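The values are calculated or read from the model by the stated rules, or taken from the named source; none is laboratory data. Just so you know, these numbers come straight off a predicted model, no measurement behind them. Cβ: placed from backbone, ideal geometry, glycine included. Neighbour counts: every protein chain shown. For the accessible areas, the whole protein counts, side chains as well, though only heavy atoms, and no ligand, DNA or RNA atoms are used. Shrake-Rupley method; radii C 1.70, N 1.55, O 1.52, S 1.80 Å.
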Amino acid sequence: MPRYLHLLWVHLRLGILNELQYRTNLGVQLIQSFMGLATSLLGLGVIFSKTDNLAGWRPAELLAIVGVYSLVSGLTQLIVRPSLSRFMEDIRLGTLDFTLTKPVDAQMLVSMRQIEVWKLVDVIVGIVVLAVAMVQLGATIGPAEAVLFVIALLAGVTIIYSFLMILAICAFWFVKLDNILQIFQSMYEAGRWPIAVYPPWLRAALTFLVPVGFAITVPAEGLVGRMTIGSILGAVGLAIALPLVARWFWRIGVRHYSGASA
Amino acid sequence: MTSTLPDFAAPAIRVRDLRKSYMVPERESGLRASVRSLWNRQTREVVAVGGISFDVAPGEIVGFLGPNGAGKTTTLKMLSGLLYPTGGEATVLGHTPWQRGKAYLRQMTLVMGQRNQLVWDIPVSDSYELNRAIYRIPDAEYHETLAELRDLLDLGPLLTKPARNLSLGERMKCELGGALLHRPRVLFLDEPTLGLDVTAQRRIRAFIAEYAERHNATVLLTSHYMADVEALAARVIVIHHGTLLFDGVLAGLVARFSPHKLLTVDLEHPVAGLERYGEVVSIDDVRVTLRVPKGSAAAATARLLADLPVADLSVTDPPIDEVIDRVFSADEEPEVPASADEALVTTA
């Protein structure tokens with residue numbers, strides 16, 4: 001494992017060094033992040049001008065959701081999304097051959113090959129928003145909530161990673177799948193709101209079909225002290241099971257690639 | 001592996017009856033056939049490699065020849081662990097390639113002329129840095145190897161540029177450098193000089209020879225350019241339609257597949273009626289090139305010298321390109337039997 005952390009560090013360092021040459025990108029990313037944040041906050045403002053709770057969530061609690069949304073989104077778009085896009089491109093171009101002939105775990109390697117440094121802005125924005133929400137919530141946050149939050153957040157990121165990985169692996173069979181990660185992104189945006197606001201069928205889909213609920217709502221629940229035993233067990237269970245499924249699927253994909261491609 | 005002692009006689013690459021076939025969907029054209037094929041899919045087996053066997057000794061450079069679709073790349077991909085074979089076996093440095101063991105991958109490298117491994121947007125040295133981390137090359141060894149490669153390939157001014165700003169030849173040099181940082185013992189080079197100009201080709205060839213010599217590396221190289229093979233490989237393996245057609249020294253290939261010799265004659269003045277001595281390949285004023293069957297080259301030479309005002313005469317093998325061309329086009333136009341050629345000359 002330390003070996004892969006080192007590899008990740010090398011990729012991160014090179015990503016930062018190279019991005020520093022293009023300072024305009026920082027400006028664009030700042031604008032993009034704050035536009036996203038403003039949209040979320042304006043939405044909240046409109047809703048709470050009519051009512052002071054949404055599906056049982058108070059304003060400060062919803063702010064926590066906005067924070068988690070930005071944080072998880074930043075973390076996945078920093079490494080996972082760009083790396084998996086590149087992986088799918090590598091399948092299309094045949095350059096995946098180079099990855100598969102390297103003496104390291106190929107799945108790990110394709111998961112960290114491309115870093116979009118500026119997405120760190122989203123991570124920072126998420127942390128700031130969370131901090132504001134925590135201050136507003138004040139006394140209700142104890143060490144237990146903090147620990148649950150961190151566990152649920154790690155589980156959430158693992159779930160999103162595995163889910164995206166499974167989608168990307170499909171490219172072994174269907175080479176042209178450019179849009180699949182974009183489609184996921186638009187479903188992910190449903191996670192801006194607690195999934196309790198959605199009708200039951202959509203709630204079920206966002207929990208089990210596209211596990212956005214586990215990735216965003218559950219960590220926020222941990223923070224605001226609304227987490228149930230069921231939801232944390234579900235999140236942790238899924239965070240254990242989904243990577244195994246992704247691994248199994250990866251093996252099948254690689255076997256297919258080495259069996260059929262010319 | 002039955003013995004833990006190093007076996008000095010063991011080949012670096014050992015291939016036995018290696019086969020690979022693909023199932024490809026077969027579909028008639030037209031909408032109706034396309035729809036029907038959704039549930040009733042017809043497949044057809046295409047044999048890419050149909051049972052080839054050979055050994056390559058450590059430190060040997062072998063040229064792998066064959067027209068497009070002959071199965072060269074498929075074989076290289078099986079040997080570098082990317083493809084599972086349909087049948088047969090292969091070991092490289094004692095490992096079965098397609099098990100993709102880290103111990104094996106650590107010692108080999110794959111270079112494909114038409115695909116880039118360098119990251120497009122970042123400086124070449126950064127791509128090297130990534131390979132260094134992947135192969136866990138110790139600092140001292142890395143700097144030593146990099147210095148050596150920088151000298152041999154003249155990489156100095158290129159390393160700080162992003163790959164996208166390099167010319168094709170420069171990029172290939174950098175690709176090779178990156179692929180050799182971990183000092184592999186086996187090199188699989190698939191068309192390493194594809195699309196390069198003559199100077200760059202020569203440069204790359206000289207480098208490959210030098211590297212193999214210094215590190216006693218085993219090289220299996222495919223190329224369309226016969227000059228590559230002539231310059232580098234004493235031995236060639238020719239495959240065609242997935243089967244092995246020839247395995248031996250380059251000169252032997254000419255002997256085996258070319259039943260002809262070329263007679264180049266400088267005459268003192270132009271002469272007509274040269275067809276009597278052999279097939280006229282070219283006439284350039286007083287310089288004439290004739291193709292004659294190998295067996296009657298001596299007789300034809302004697303008659304030419306006796307009959308004509310010859311200023312100079314040389315007997316050579318036809319260019320290797322031409323020989324190869326004949327081998328590969330053999331099934332498109334049936335070759336004229338050697339005896340018929342012979343008849344042509346004896347009646348002359």
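Please determine whether any residue of the range A:142-159 is surrounded by 17 or more Cβ atoms within 10 Å (Cβ to Cβ), within 14 Å of another protein chain (Cβ to nearest Cβ) and among the acidic types (Asp, Glu).
Scanning the range A:142-159 turns up no residue that is surrounded by 17 or more Cβ atoms within 10 Å (Cβ to Cβ), within 14 Å of another protein chain (Cβ to nearest Cβ) and among the acidic types (Asp, Glu).
Taking into account only those residues within the range A:1-30 that are in contact (Cβ under 8 Å) with a residue 40 or more places away in the chain and of a type in the set (S, T, N, Q), which is farthest from the other protein chains (Cβ to nearest Cβ)?
A:Gln29
If you take the residues in the range B:18-67 that are among the polar types (S, T, N, Q) and within 12 Å of another protein chain (Cβ to nearest Cβ), which one is most open to solvent (accessible area, probe 1.4 Å)?
Looking at residues that are among the polar types (S, T, N, Q) and within 12 Å of another protein chain (Cβ to nearest Cβ), I get B:Thr43.
Filter the range A:17-49 down to residues that are of a type in the set (Val, Ile, Thr) and open to solvent by 60 Å² or more (accessible area, probe 1.4 Å) and give me whichever is nearest to B:Glu129 (Cα to Cα).
Looking at residues that are of a type in the set (Val, Ile, Thr) and open to solvent by 60 Å² or more (accessible area, probe 1.4 Å), I get A:Thr24.
From the list A:Val197, A:Val236, A:Val210, which residue is closer than 20 Å to A:Phe149 by Cα, in contact (Cβ under 8 Å) with a residue 24 or more places away in the chain and of a type outside the set (Phe, Trp, Tyr)?
Details: A:Val197 fails: closer than 20 Å to A:Phe149 by Cα; A:Val210 fails: closer than 20 Å to A:Phe149 by Cα.
Of the residues listed, the single one that is closer than 20 Å to A:Phe149 by Cα, in contact (Cβ under 8 Å) with a residue 24 or more places away in the chain and of a type outside the set (Phe, Trp, Tyr) is A:Val236.
How many of the residues making up the range B:192-213 are in contact (Cβ under 8 Å) with a residue 60 or more places away in the chain and assigned to a loop (DSSP other than H, G, I, E, B)?
Residues flagged as in contact (Cβ under 8 Å) with a residue 60 or more places away in the chain and assigned to a loop (DSSP other than H, G, I, E, B) within the range B:192-213 amount to 4.
Can you give me the number of residues within the range B:252-293 that are closer than 15 Å to B:Val315 by Cβ and small (Gly, Ala, Ser)?
3
Do you know which of the residues in the range A:100-116 that are within 15 Å of the chain's Cα centre (by Cα) and modelled with pLDDT under 90 is most open to solvent (accessible area, probe 1.4 Å)?
If we filter the range A:100-116 for residues that are within 15 Å of the chain's Cα centre (by Cα), which is where we start, we get A:111-112, A:115-116.
From what's left, modelled with pLDDT under 90: A:115-116.
Values: A:Ile115: 16, A:Glu116: 90 Å².
Restricting to residues being within 15 Å of the chain's Cα centre (by Cα) and modelled with pLDDT under 90, the top hit is A:Glu116.
State whether one or more residues within the range B:83-100 are open to solvent by 20 Å² or more (accessible area, probe 1.4 Å), facing chain A (nearest Cβ under 9 Å) and either without any contact (Cβ under 8 Å) to a residue 12 or more places away in the chain or within 21 Å of the chain's Cα centre (by Cα) (or both).
Checking the range B:83-100: not a single residue is open to solvent by 20 Å² or more (accessible area, probe 1.4 Å), facing chain A (nearest Cβ under 9 Å) and either without any contact (Cβ under 8 Å) to a residue 12 or more places away in the chain or within 21 Å of the chain's Cα centre (by Cα) (or both).
Restricting attention to the range A:77-87, does a residue exist that is open to solvent by less than 10 Å² (accessible area, probe 1.4 Å), touching a residue at least 24 places away in the same chain (Cβ under 8 Å) and aliphatic (A, V, I, L, M)?
For the range A:77-87, residues open to solvent by less than 10 Å² (accessible area, probe 1.4 Å), touching a residue at least 24 places away in the same chain (Cβ under 8 Å) and aliphatic (A, V, I, L, M): present.
Give the residues of the range A:212-229 that are farther than 24 Å from A:Val135 by Cβ and assigned to a loop (DSSP other than H, G, I, E, B), sorted by residue number.
Listed by number, the list holds a single entry, A:Thr228.
With the condition kept exactly as written, say whether any residue in the range B:135-152 is under 21 Å from B:Phe64 (Cα atoms), among the acidic types (Asp, Glu) and either assigned to a helix (DSSP H, G or I) or within 14 Å of chain A (Cβ to nearest Cβ) (or both).
Of the residues in the range B:135-152, the ones under 21 Å from B:Phe64 (Cα atoms) are none.
Taking every residue of the range B:135-152 in turn, none turns out to be under 21 Å from B:Phe64 (Cα atoms), among the acidic types (Asp, Glu) and either assigned to a helix (DSSP H, G or I) or within 14 Å of chain A (Cβ to nearest Cβ) (or both).
With B:Leu118, B:Leu110 as the choices, which residue is within 12 Å of another protein chain (Cβ to nearest Cβ), closer than 24 Å to A:Val110 by Cβ, open to solvent by less than 40 Å² (accessible area, probe 1.4 Å) and in a loop (DSSP other than H, G, I, E, B)?
None of the other options fit; the residue is B:Leu118.
Identify, by number, the condition in (1) open to solvent by 10 Å² or more (accessible area, probe 1.4 Å); (2) touching a residue at least 24 places away in the same chain (Cβ under 8 Å) that A:Thr95 doesn't meet.
It fails just one condition, (2).
All but one of (1) more than 14 Å from chain B (Cβ to nearest Cβ); (2) in contact with a strand residue (DSSP E or B) (Cβ under 6 Å, 6 or more places away or on another chain); (3) of a type in the set (Val, Ile, Thr) hold for A:Val68; which doesn't?
Of the numbered conditions (1) more than 14 Å from chain B (Cβ to nearest Cβ); (2) in contact with a strand residue (DSSP E or B) (Cβ under 6 Å, 6 or more places away or on another chain); (3) of a type in the set (Val, Ile, Thr), the odd one out for A:Val68 is (2).
Give just the number: which of (1) open to solvent by 30 Å² or more (accessible area, probe 1.4 Å); (2) outside any helix (DSSP H, G or I); (3) closer than 21 Å to A:Pro103 by Cα; (4) within 13 Å of chain A (Cβ to nearest Cβ) does B:Arg132 not satisfy?
(2)
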